[in-house]
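These notes concern the structure reproduced below.
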Amino acid sequence: MIVSRIATALLLALLLPVAMFAEENRPVIVCSTTQVADFARQVVGDRMEVKCILAAGQDPHLYEKKPGDAQLVSTADLCLENGWHLEGNDWMQKLATQTGRPIVTCVKGCRPLEVPGVSEAMHDPHAWFSCTNAAIYVRNIRDAVIQLDPEHADEYRSRSALYLDQLRTLHSWIVREINNIPVDQRVLVTSHDAFNYFCQAYGMKSATPVGWSTGKEVGAGITPQRRQETIDSIREHQVKAIFVETSVNPTMVREIAREAGAKIGGELYSDSMGAPDTAGETYIGMMRENVLTIVQSLK
Ligand SMILES: [Zn+2]
């Protein structure tokens, strides 16, 4: 017994430095948001190390850079951001520029929805909520990773192809599930305008009291008029349930529900995925759980 323990310890001692060496040599990808980090992991597997600045439940619009962030980004072989100002005041762009690291913007190539009610053209950044756009993110990441490590290009292409198939399956599944909601009940009321791409892709209308960002940017924030319009919408469509978001304070939505006579249908993942070991910890899991919550409350 003791001999075998010593043998195991010796074996571990021999193996450990090799494993650590291999770990240390892996290229590092630093991502801004949890969705982007999940897409990156699907493409690179264990071939690269994927790190994420935002933790589950954190709001990218309001994120304040921490002292360690620049240090983390300075270790990156590649940085990935969502883009279109989802990262409030472009904090990820700034970190990459400040540390001289290359950065890829994942929304590049998506067809933008414009933020309503602002004079200059502004793209709604929540593009990942249509599976078709998520596929564009994945292809952008795949191409950037192949450029970084051309030797393993076939592997990155194979993983991406498998994942893109899963996204296509997810898309068809969402279409089928949403069909269970009566047409006149297909109204999605949440805190902020995160679900416009989702609603466009899957045939729902959206109404929110807060604009495209939870921060103070142009066209964002709550106004009494937007709040009233949301309440009117709920009453007009006799919406049964409205939803809070995991990354946004739920107080206002609860007040609106009370005032408009709707119930809270549950909590949706919006700008952040779920914590590790929850059903929403991946993009596919987050979308699946959201859709089930929405359909269950509105059908
Ligand atoms: Zn948002």
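Computed from the coordinates by the stated procedures, all read-outs in this text should not be read as laboratory data. These numbers were taken from a predicted model, which means no experiment stands behind them. Methodologically, a virtual Cβ is constructed for each residue, glycine included, from the backbone with ideal geometry; neighbour enumeration extends over all protein chains shown.
For segment 2-172, a Kirkwood hydrodynamic radius built from all Cα pairs, placed in the Stokes-Einstein relation at 4 °C and 1.567 mPa s, yields a translational diffusion coefficient of 73 µm²/s.
Take peptides 33-42, 90-99 and line them up by average Cβ neighbours within 10 Å, highest first, as a rough protection proxy.
Details: 33-42: 25.5, 90-99: 18.7.
The packing order, highest mean first, is 33-42, 90-99.
Using Cβ point charges alone (K and R +1, D and E -1), the dipole size of the chain about the Cα centre works out to roughly 520 debye.
A helix-only calculation puts the chain at -15500 deg cm²/dmol for mean residue ellipticity at 222 nm, using -39500 (n - 2.57) for each DSSP H run of at least four residues, averaged over all residues. For the chain, averaging the sequence separation of C-alpha pairs within contact (under 8 Å, six or more residues apart) and dividing by the residue count gives a relative contact order of 17 percent. Close amide-amide hydrogen proximity is noted between Val50 and Ile29, each under 5 Å apart and 5 or more residues distant or on a separate chain (H modeled in the peptide plane; Pro and chain starts excluded).
Based on other C-beta atoms within 10 Å, arrange Glu289, Glu177 from fewest to most. Let's see the in-between values first.
Numbers: Glu289 20, Glu177 17.
Ordered by Cβ neighbours within 10 Å, fewest first: Glu177, Glu289.
Summary of the geometry: segment 230-299 and segment 145-189, compared by the centres of their Cα atoms, lie 21 Å apart. Note on the chain: percent of Cα-Cα distances in each 10 Å bin, starting at 0 and stopping at the bin with the largest distance, equals 6, 26, 32, 20, 10, 4, 2, 0. Using the average count of surrounding beta-carbon atoms within 10 Å as a protection proxy, the listed peptides 210-221, 190-201 rank, highest first, as 190-201, 210-221. Annotation: lysines with alpha-carbon distance below 20 angstrom to Lys94 (same-chain offsets under eight excluded): Lys51, Lys65, Lys66, Lys108, Lys216.
Close amide H contacts of Leu78 (hydrogens built in the peptide plane, cut-off under 5 Å, sequence separation of 5 or more or a different chain): Val28, Val30. Taking a straight Cα-Cα cut-off under 23 Å and skipping sequence neighbours fewer than 8 places away in the same chain, the lysines within cross-link reach of Lys240 are Lys205, Lys263, Lys299.
Span-like helix criteria (full DSSP H runs; alpha carbon extent of at least 30 Å along the helix axis; mean Kyte-Doolittle hydropathy of at least 0.5) are satisfied in the chain by 2-25.
Taking packing as the residue-averaged number of other Cβ atoms within 10 angstrom, the listed peptides 140-151, 178-189 run from highest to lowest as 140-151, 178-189.
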